[in-house]
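The values are calculated or read from the model by the stated rules, or taken from the named source; none is laboratory data. Remember, predicted model here, so these are calculated numbers, not experimental data. With ideal geometry, Cβ positions are generated from the backbone for all residues, glycine too; neighbour counts draw on all protein chains shown.
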Amino acid sequence: MRILGITIPEDKRLEISLTTLFGIGRSRAKKILDETKIDWGVKVKDLDTKKENEIKKIIGNLKVEGDLRREISGNIKRLKEIKCYRGIRHSRSLPTRGQRTKTNSRTRRGNVRKTMGTGRRAVDKK
């Protein structure tokens, strides 16, 4: 099954396979399946075309994939242009929500580690 140009894995449960679309997580996938009255554990290959079309119709009304990515990048661009605190943090590739940066935020800043010399050596006291 293909939705918005994305191939949905057929061997996984429908609840999980819908999460391959950007903007659909587990809770939203469950809501979609509840609306269409489809069991969460059904595999994609077991669906008939009528149910597939219902799912596609509901997802078509949601903001997912390209539209959502464009909106998010537009929001970040706007924050950078008005030079607010969050925009500055985005432009410097630092965490934007108040996290500490001395020891954490490795994924955000890149793996830039400062090597510390040999350090203090243990001295035997007798």
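Quick rundown of the values:
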{"quantity": "Flag for Glu15 being under 18 Å from the mean Cα position of the chain (by Cα), part of a helix (DSSP H, G or I), among the charged types (D, E, K, R) and at pLDDT 95 or above", "calculated": "no"}
{"quantity": "Count of residues meeting criterion [surrounded by 15 or more Cβ atoms within 10 Å (Cβ to Cβ) and not aliphatic (A, V, I, L, M)] in the range 23-54", "calculated": "6"}
{"quantity": "Residue ID - surrounded by the fewest Cβ atoms within 10 Å (Cβ to Cβ), chosen from residues in the range 76-96 that are of a type outside the set (S, T, N, Q) and within 21 Å of Asn111 (Cβ to Cβ)", "calculated": "Arg92"}
{"quantity": "Lone unmet requirement of (1) assigned to a helix (DSSP H, G or I); (2) under 30 Å from Ile16 (Cβ atoms); (3) among the hydrophobic types (A, V, I, L, M, F, W, C) for Val64", "calculated": "(1)"}
{"quantity": "Of all residues making up the range 1-13, the number that are within 16 Å of Val64 (Cβ to Cβ) and of a type outside the set (Ser, Thr, Tyr)", "calculated": "7"}
{"quantity": "Ser105, sole failed condition from (1) of a type in the set (Gly, Ala, Ser); (2) surrounded by 14 or more Cβ atoms within 10 Å (Cβ to Cβ); (3) out of contact with any Pro (no Cβ under 6 Å at 6 or more places or on another chain)", "calculated": "(3)"}
{"quantity": "Exclusive hit being part of a helix (DSSP H, G or I) and at pLDDT 95 or above, set Lys51, Lys56, Lys80", "calculated": "Lys80"}
